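Below is one structure, written out as structure tokens; comments come after it.
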Amino acid sequence: MNQRNTAVRAMIQQLQNAFNETLDALYNLPEEYLRENCGHACARGGSARDLVVHNIFHEKQHTGQVWNIRDELPFCRAGAMRACTHFWSTITCHVRS
């Protein structure tokens, strides 16, 4: 494995670790907390759960942007980029379920 692939793997591992830490924090939130009003603008006057749902859909939008860019760049249609986008889409699909 060359030096670039090692750096990419390390970056993907950091992303996955951060994502898992976030999910662990979300899974441990009490229902009462999720029902509380949230003052963040993205909650749109709703609850903490509304903010979490908004952020999940926001991340899905970013995933769509990754797919669009990938499709526009012919050299990214195979190999490592395919694995990376598959990994990302698998993560974001897991959040919705």
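The figures follow:
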| read-out | value |
| --- | --- |
| Residue under evaluation Q16, criteria (1) over 17 Å from H58 (Cα atoms); (2) without any contact (Cβ under 8 Å) to a residue 24 or more places away in the chain, criterion not met | (2) |
| So H86, is it at pLDDT below 80 and assigned to a helix (DSSP H, G or I) | yes |
| Which numbered condition N20 misses (of (1) in contact with a strand residue (DSSP E or B) (Cβ under 9 Å, 6 or more places away or on another chain); (2) in a helix (DSSP H, G or I); (3) not hydroxyl-bearing (S, T, Y)) | (1) |
| Cross-chain or 6+ apart pairs with Cβ under 6 Å, the range 43-58 first and surrounded by 14 or more Cβ atoms within 10 Å (Cβ to Cβ), then in a loop (DSSP other than H, G, I, E, B) | S47/C38; A48/E36; A48/C38; L51/C38; L51/H40 |
| Out of L34, L26, sole residue that is more than 13 Å from the chain's Cα centre (by Cα), in contact (Cβ under 8 Å) with a residue 24 or more places away in the chain and assigned to a helix (DSSP H, G or I) | L26 |
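The values are calculated or read from the model by the stated rules, or taken from the named source; none is laboratory data. Everything quoted here is computed from the prediction, not taken from an experiment. Glycine also receives a Cβ, built like all others from the backbone with ideal geometry; neighbour counts cover every protein chain displayed.
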